[in-house]
1. What number of residues within region 32-90 satisfy the criterion of being of a type in the set (S, T, Y) and crowded, with 18+ Cβ neighbours inside 10 Å?
2. Quick one: would you say G106 is surrounded by fewer than 17 Cβ atoms within 10 Å (Cβ to Cβ), farther than 23 Å from N273 by Cβ and assigned by TED's automatic domain parsing to the domain that holds R36?
3. Between E287, E314, E299, E364, which is surrounded by fewer than 24 Cβ atoms within 10 Å (Cβ to Cβ) and without any contact (Cβ under 8 Å) to a residue 60 or more places away in the chain?
4. Within region 142-158, identify whether any single residue is assigned by TED's automatic domain parsing to the domain that holds L296, farther than 18 Å from E256 by Cβ and either without any contact (Cβ under 8 Å) to a residue 24 or more places away in the chain or assigned to a strand (DSSP E or B) (or both), and answer yes or no.
5. Quick check on this structure: which one of A247, A252, A258 is within 16 Å of ligand 2 (Cβ to nearest atom) and farther than 14 Å from N168 by Cα?
6. Please state which one of V325, V293 is assigned to a helix (DSSP H, G or I) and within 18 Å of the chain's Cα centre (by Cα).
7. Any idea which of (1) farther than 25 Å from R140 by Cα; (2) over 19 Å from the mean Cα position of the chain (by Cα) is the one Q359 doesn't satisfy?
Amino acid sequence: IGETRALLTPGDVPEYIASRPALRGLLDPGSITEVREVGDGNMNLVFAVRTSAGSGLVLKQSPPYVRVDPTWPMTADRNGLEAAALRVHNAVAPGLVPAIYDEDPGRHVIAIEDLSDHRVWRGALNEGLRHEGAAGDLGRYVARVAFGTSVFGLGARAHKAAVAAHVNPELCEITEDLVFTEPYIEHEHNRIAPENEGDVAAYAGDPEVRTAVGRAKLAFMTHAEALIHGDLHTGSVLVRAEEPGLARSTRAFDPEFAFYGPVGFDIGALWGNYVLAAARGLALGDEGHAAWVLGLATETWEAFQTEFAALWPERADPRVYGDGVLEDRLNAVYDDGVAMAAAKAARRVIGFAGVSDIQTLPDEARARAVRGVLHAARLLFVEGAAQPGPAALFDRTGDVLAAA
Ligand code: SR1
Ligand code: MG
């Protein structure tokens, strides 16, 4: 109850900022002209603050429950874990994540950079917009984190200390349940339209799919490779297109699910969400947009691979980690990424947390898109790793989506 009472409202925000030394030095609380609650994710409260001088910042507060289901208790300490991950990601991937200004462990609030000249990528994709370069920026972001927070970037002792410091069991449990388990069983969280019941039963009952999802879950739970974002869907990405006098910008935000996990989980989250965006495009008859979105999978992968390989000469112990290990690493991330893409796409059309790409489609188009996503997820899980590279794989994925 105490924690709930401490939740901010827009009216409290100027006084709150005035009470925080790190923030009142950044903007004058007396000049605040607008505070809006803009949280549209499942978990937290988010306040966008603007001043008459044109400056701003964002406050993000974690209640001790899930925002969209207040009967679901959830540790508010996720806020501090997000702050810790954001600081690390700022250090290893500067310019690709929001700056962090303040952290208030007492009220579970962080203050981050105002990026109101950006927009959430999922919304832009839903409108058929093309933010060229964003997919490559994200591949570079994943690579910089994958290298800089790994054994290769940190060395043995610092890596072990970091694994311990970023343990995030409650949020990992959400992923373990919502991504890797609930879509494959009967569960009250699942949201399946009657017209897709047969599609879901065929997908979730397929023995090859079940083995593949079990294998992916085990990798998620046991491969402490790097301090991954942990929830890198297109709603966790802000984009700004290049304009005269303004550079393109891409930022991965909201890393509250960060923990030491498999790098392929972040790659797969992006790929799985490209599949969802393509399914939407095809369901609306926009084949050009679907093909463009599926091409992003290769852009992300090539940028990841190039950046990771460029960092490789800085590896901690070249006596042992030769180029053969680099090749193994890239292959392992690729294979994990393909399986994680399947799991991440399928959960969005079966389980608790749906996405606007699919949910805002008209009924008939939605049923077709859901069917397509499940066929695509099966392809990725069962045949994906055997395809010769992302271009061929996501071409075939497009064929399967289109045939649904
Ligand atoms: C309780 S809903 C949790 C989901 O929302 C987040 O964005 C994650 O994707 C998570 O699985
Ligand atoms: Mg989120």
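The values are calculated or read from the model by the stated rules, or taken from the named source; none is laboratory data. In this text, all values refer to a predicted model and were calculated from it rather than measured experimentally. Glycine gets a Cβ as well: all are built from the backbone with ideal geometry, and neighbour counts include every protein chain shown.
1. The initial filter retains those residues of region 32-90 that are of a type in the set (S, T, Y), namely 33, 51-52, 55, 62, 65, 71, 75.
Keeping just the survivors that are crowded, with 18+ Cβ neighbours inside 10 Å gives 51, 62.
Result for region 32-90: 2.
2. On the way: surrounded by fewer than 17 Cβ atoms within 10 Å (Cβ to Cβ): yes; farther than 23 Å from N273 by Cβ: yes; assigned by TED's automatic domain parsing to the domain that holds R36: yes.
In short, yes.
3. Numbers: E287 fails: without any contact (Cβ under 8 Å) to a residue 60 or more places away in the chain; E314 fails: without any contact (Cβ under 8 Å) to a residue 60 or more places away in the chain; E299 fails: without any contact (Cβ under 8 Å) to a residue 60 or more places away in the chain.
Every option except E364 fails the conditions.
4. Let us first name the residues in region 142-158 that are assigned by TED's automatic domain parsing to the domain that holds L296, namely 142-158.
After this cut, where a residue has to be farther than 18 Å from E256 by Cβ as well, the list is 143-144, 146-148, 150-158.
Right, trim to either without any contact (Cβ under 8 Å) to a residue 24 or more places away in the chain or assigned to a strand (DSSP E or B) (or both) and you get 157-158.
Looking through region 142-158, at least one residue is assigned by TED's automatic domain parsing to the domain that holds L296, farther than 18 Å from E256 by Cβ and either without any contact (Cβ under 8 Å) to a residue 24 or more places away in the chain or assigned to a strand (DSSP E or B) (or both).
5. Details: A247 fails: within 16 Å of ligand 2 (Cβ to nearest atom); A258 fails: farther than 14 Å from N168 by Cα.
Selected residue: A252, the only one of A247, A252, A258 that is within 16 Å of ligand 2 (Cβ to nearest atom) and farther than 14 Å from N168 by Cα.
6. Details: V325 fails: within 18 Å of the chain's Cα centre (by Cα).
The conditions single out V293.
7. (2)
To keep it simple, each residue is scored yes or no on (1) in contact with a Gly (Cβ under 8 Å, 6 or more places away or on another chain); (2) within 16 Å of ligand 1 (Cβ to nearest atom); (3) at pLDDT 95 or above.
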| residue | (1), (2), (3) |
| --- | --- |
| V13 | no, no, yes |
| S19 | no, no, yes |
| L23 | no, no, yes |
| L27 | yes, no, no |
| R36 | no, no, yes |
| G39 | no, yes, no |
| A48 | yes, no, yes |
| P73 | no, yes, yes |
| D102 | no, no, yes |
